[in-house]
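> Just passing along the structure, written as structure tokens.
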Amino acid sequence: MKRLFLIFSILNFQLSICLAQVGAPYIHDPSTIAECDGKYYTFGTGGGGLISEDGWSWHAGAERPGGGAAPDVLKIGERYLIIYGATGGGLGGGHNGRILTMWNKTLDPQSPDFKYTQAVEVASSDGMEDCDAIDPCLLLDPTTGRLWTTYGTYFGSIRLIELDPKTGERVKGNQEKDVAIDCEATDLIWRDGWYYLLGTHGTCCDGVNSTYNIVVGRSRNVEGPYIDNVGRDMLHGGGRMVIAAGDRVCGPGHFGRTIIDEGVEIMSCHFEADFERSGRSVLGIRPLLWKNGWPEAGERFKEGCYAILSERRGYSLELTVDFVRIQQERQAFWRINPDEPVKPLPNQTLAEVKDTWPKGNIAVRCSDYMFRPHQRWAITPYAEGGGFLGGPYCKIVIENTNRALTATENLELTTTEEFSGADEQLWRIEQLTDGTYRIMPKRLPGKKELNTTYCLYSSGDSTPTLAPYDFKSDNSKWRFTERKHF
């Protein structure tokens, strides 16, 4: 955290007002999202945090003692380790910070097992040295089992220390190491043999004028050096952009990574200001893409009209109906008069073909995309359908109709004449790490549990069905072309 001009008591008061609004994702400096007993939690500056029952709708209620700023949380074994900065960051006007850790068996404040251990100091700064002990993160190295944290702000260097994963205390004799400058609110992650250091660059705490953005460097060694995509060391100010302002939100900071499934990842952060919510600081969740070994934020899926194209072949998902030819006054290409004026041809309309479609359910297939009404899908969030970690469930209907894409009991696909809001008509659309999408029904007919296995699948070039998701197969992947490209 940087340039906080208010004393901590005032900051804490302001945050408590924001977080008191049930059903709103208002938070600053959120921790990595953690799952506990089917619910999702993230903690923020001020001691509180957010809870979500489905990963989409968030409300206040998470509890963390100690106040302070910019926590992180990590499940290790059967316990949750929480780390946070007690002071620093300019809070109260100084940079004399302290980093503390504590444990809890659960994150649910209503659980009888909910009890934090006594906080333990693992790092500090005296306000004069070239570091500010605030904004910590946690990484449990999957290759070695060692536990690491980075901390710091623009007031000096970002430092790396090692903690004991059994106690949460600092490893005895461990010496801090400088790994970056010109950033704060760092996070460490590991992927495919690389360690990634993500830092928040720019200015914060100035609402719609905040310039926060998230940058990254990587190293084969957890102790660095962390180098960006053009060879700059983060210790010399390097960093490749991961996410910046856009989509009417600005100031992304405090990166967190959550792996949902193979090839399905999300990143969390806060946005310093949401233009649609009075410029308040809000929790942000975006798909996390990986391009040439570098993390990059995807975009929220937006409602609209799309062609749905299989990654397997590139064919379009469509109704199984007769192809209706468009009448055209044709000219032999060898007789075209270049001086004769041209005129645009209209697209085929729904009114021209809908009476040729059969009544009742109509199956779906994949075929060449030809700008036809039976290939144009309107996709909109369904408010009553809830959501998942990263997005709302959506209905998928043929444009300008209520004919809805529907999962069947025997793991096939059809379209029903009317959208009823049934779970087999609700679809989970997630962008994968390679930029494609998976499309999954919320539930299968006759099943009580949420569907997390079966997705829209190309079993043949022209044969869509439902089958277990497999990131390694293009059969599981789809792309969307917006209406403006029709």
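> Any idea what % of Cα-Cα pairs in segment 118-216 are farther than 23 Å? Walk me through the numbers on the way to the answer.
On the way: 1381 of 4851 pairs.
Considering segment 118-216, 28 percent of its Cα-Cα pairs are separated by more than 23 Å.
> Further question on the same structure: So which lysines can Lys291 reach, going by Cα to Cα under 20 Å and dropping same-chain residues fewer than 8 places off?
Within reach: Lys472, Lys477.
> Please list 275-284, 191-200 highest first by mean number of surrounding beta-carbon atoms within 10 Å per residue. Please report the intermediate quantities before stating the final value.
Numbers: 275-284: 18.2, 191-200: 20.7.
The packing order, highest mean first, is 191-200, 275-284.
> Now for a separate question. Could you list His236, His95, His270, His59 so that the one with the fewest beta carbons within 10 Å of its beta carbon is first and the one with the most is last? Intermediate values should be presented prior to the final figure.
Details: His236 12, His95 24, His270 29, His59 17.
Fewest-to-most Cβ neighbours within 10 Å comes out as His236, His59, His95, His270.
> May I ask for the Rg/Rh ratio of the chain, computed from Cα atoms with Rh as the Kirkwood radius, given to two decimals?
Values: Rg = 25.7 Å, Rh = 24.5 Å.
That ratio equals 1.05.
> Using just the alpha carbons, could you tell me how many Å³ per residue the convex hull of segment 8-297 encloses? Walk me through the numbers on the way to the answer.
Working: hull volume 36.2 nm³, N = 290.
Hull volume over Cα atoms, normalised by residue count, gives 125 Å³.
> Counting other Cβ atoms within 10 Å of each Cβ, which chymotrypsin sites (Phe, Trp or Tyr not before Pro) in segment 298-354 have at most 13 and sit in a DSSP loop? Could you put the intermediate results ahead of the total?
Details: sites: Phe301, Tyr306, Tyr315, Phe323, Phe333, Trp334; in loops: Phe301, Tyr315, Phe323.
Within segment 298-354, the qualifying chymotrypsin sites (Phe, Trp or Tyr not before Pro) (loop, at most 13 other Cβ atoms within 10 Å) are Phe323.
> Still on this structure: If you plug each phi of segment 24-39 into the Karplus form 6.51 cos²θ - 1.76 cosθ + 1.60 with θ = phi - 60°, what whole-Hz ³J(HN,Hα) values come out, in order, with x for Gly and Pro?
10, x, 7, 6, 10, 6, x, 6, 4, 5, 10, 9, 8, 6, x, 10
> Convert each backbone phi in segment 65-79 into a coupling constant with the Karplus relation 6.51 cos²θ - 1.76 cosθ + 1.60 (shift: θ = phi - 60°), then list the ³J(HN,Hα) values in order as whole Hz, x for Gly and Pro.
Per residue, the Karplus-derived 3J(HN,Hα) values read x, x, x, x, 9, 6, x, 9, 9, 8, 7, 10, x, 9, 10 Hz.
> Just the number: Rg to Rh for segment 329-486, Cα atoms, Kirkwood Rh, two decimals.
Details: Rg = 18.7 Å, Rh = 17.5 Å.
Result for segment 329-486 is an Rg/Rh of 1.06.
> Can you pull out the GluC sites (Glu not before Pro) in segment 414-486 that DSSP calls coil and that have at most 15 other Cβ atoms within 10 Å? Working shown, then result.
Values: sites: Glu417, Glu418, Glu424, Glu430, Glu449, Glu482; in loops: Glu417, Glu418, Glu449.
Those satisfying the criteria are Glu417, Glu418, Glu449.
> Please work out the Cα center distance from segment 148-216 to segment 236-307, rounded to the nearest Å.
18 Å
> Here's another thing I want to ask about it. Tell me the mean residue ellipticity at 222 nm calculated for the chain from its helices only (DSSP H runs of n ≥ 4, each -39500 (n - 2.57), averaged over every residue, nearest 500).
Numbers: 2 runs with 16 residues, N = 486.
Helix-only estimate at 222 nm: -1000 deg cm²/dmol.
> If I histogram all Cα-Cα distances within segment 184-285 using bins 10 Å wide from 0, what percent of pairs lands in each bin?
17, 43, 30, 10, 0
> I would also like to ask the following. Based only on the alpha carbon positions, what is the Kirkwood hydrodynamic radius of segment 228-363, in angstrom?
Values: mean 1/r = 0.0478 Å⁻¹.
This gives a value of 20.9 Å.
> Using the number of other C-beta atoms within 10 angstrom as an exposure proxy, rank Thr150, Thr453, Thr436 with the fewest first.
Placing the least packed residue first, the sequence is Thr453, Thr436, Thr150.
> Hey, can you rank 326-332, 238-244, 249-255 by average C-beta count inside 10 Å, highest first?
Numbers: 326-332: 8.0, 238-244: 21.3, 249-255: 27.1.
Those peptides, ordered most packed to least, come out 249-255, 238-244, 326-332.
> Amide H of Thr463: which non-local residues (sequence gap of 5 or more, or other chain) have their own amide H closer than 5 Å, using H built in the peptide plane?
Here the answer is Cys366, since their amide H atoms fall under 5 Å of that of Thr463.
> Shifting gears a bit: At a Förster distance of 51 Å, what's the computed FRET efficiency of Asp247 paired with Arg330, Cβ-Cβ distance as r, to 0.05?
Numbers: r = 44 Å, r/R0 = 0.87.
For R0 = 51 Å, the calculated efficiency reads 0.70.
> Take the Cα of Leu350, step 7 Å along the line toward its Cβ, and report every residue of segment 321-339 whose backbone nitrogen sits under 18 Å from that point.
Those under the cut-off are 321-322, 324.
> Please find the FRET efficiency linking Val120 to Arg232, where r is the Cβ-Cβ separation and R0 is fixed at 45 Å, and quote it to the nearest 0.05. The partial results should precede the final answer.
Values: r = 36 Å, r/R0 = 0.80.
Efficiency, rounded to the nearest 0.05: 0.80.
> Below 11 angstrom from the Cβ of Pro225, what's the summed charge of the other residues (Lys, Arg +1; Asp, Glu -1)?
Working: positive: Lys177, Arg218, Arg220, Arg232; negative: Asp178, Glu223, Asp228, Asp233.
Result for the local shell: 0.
> Find the eigenvalues of the gyration tensor of the Cα atoms of segment 287-376, then list the square roots of 5 times those eigenvalues as equivalent ellipsoid semi-axes, largest first, in whole angstrom.
Over the Cα atoms of segment 287-376, the semi-axes work out to 33, 24, 13 Å.
Coordinate-derived values only; no laboratory data. As the structure is a prediction and not an experimental result, all values here were calculated from the model. Cβ sites come from the backbone with ideal geometry, for glycine too, and all protein chains shown count toward neighbours.
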